[in-house]
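Here's the structure we're looking at; comments come further down.
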Amino acid sequence: MAASLPSHAARGRRAPIADINVTPLVDVMLVLLIIFMVTAPLMTAGVPVNLPNSRAKALEQDKQPVQLSIEANGLIHLGDEEVSEATLPDRLQHLAATGIGGQPPQVYLRADRSLDYGRVARLLGELAHAGLTRVALVSVEGGASPR
């Protein structure tokens with residue numbers, strides 16, 4: 001029976017632990033999370049940098065965006081020119097065909113806040129039907145809407 005008893009040398013040693021210690025992993029992940037939370041706003045806002053001069057020419061940019069406005073009384077303006085609802089689809093088709101490199105121009109849609117949603121949605125539908133899908137709705141920054 002003496003052979004089955006553990007020896008004095010084996011009694012003092014511990015068996016290796018097979019569990020993973022996740023505490024250092026959690027610590028590292030929290031530090032990385034804090035770093036990304038601090039640096040992410042800097043990446044979107046940008047940092048003002050004094051850039052060096054260059055002899056390279058400026059890159060050619062797309063045409064200026066087309067301004068499409070609709071007033072509270074329903075008058076539609078394409079740029080500075082007033083356009084009737086009857087001629088608007090043809091004008092939009094022509095505008096889409098004159099894009100640079102096969103890309104239709106960007107359209108800025110300015111709609112009066114008093115217009116109903118259906119009227120603006122019909123205008124957006126006309127733009128999409130003409131192939132003008134790069135549309136941005138223009139609004140005033142920081143203004144609270146009246147109730």
Filter region 47-100 down to residues that are at pLDDT below 85 and of a type in the set (Ser, Thr, Tyr) and give me whichever is farthest from ALA128 (Cα to Cα).
-> SER54
Mind listing just one residue for me: the one in region 99-135 that is more than 15 Å from LEU78 (Cα to Cα) and of a type in the set (Ser, Thr, Tyr) and, of those, surrounded by the most Cβ atoms within 10 Å (Cβ to Cβ)?
-> THR133
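The values are calculated or read from the model by the stated rules, or taken from the named source; none is laboratory data. Every value quoted in this text rests on a predicted model; they were computed, and no experiment measured them. Glycine gets a Cβ as well: all are built from the backbone with ideal geometry, and neighbour counts include every protein chain shown.
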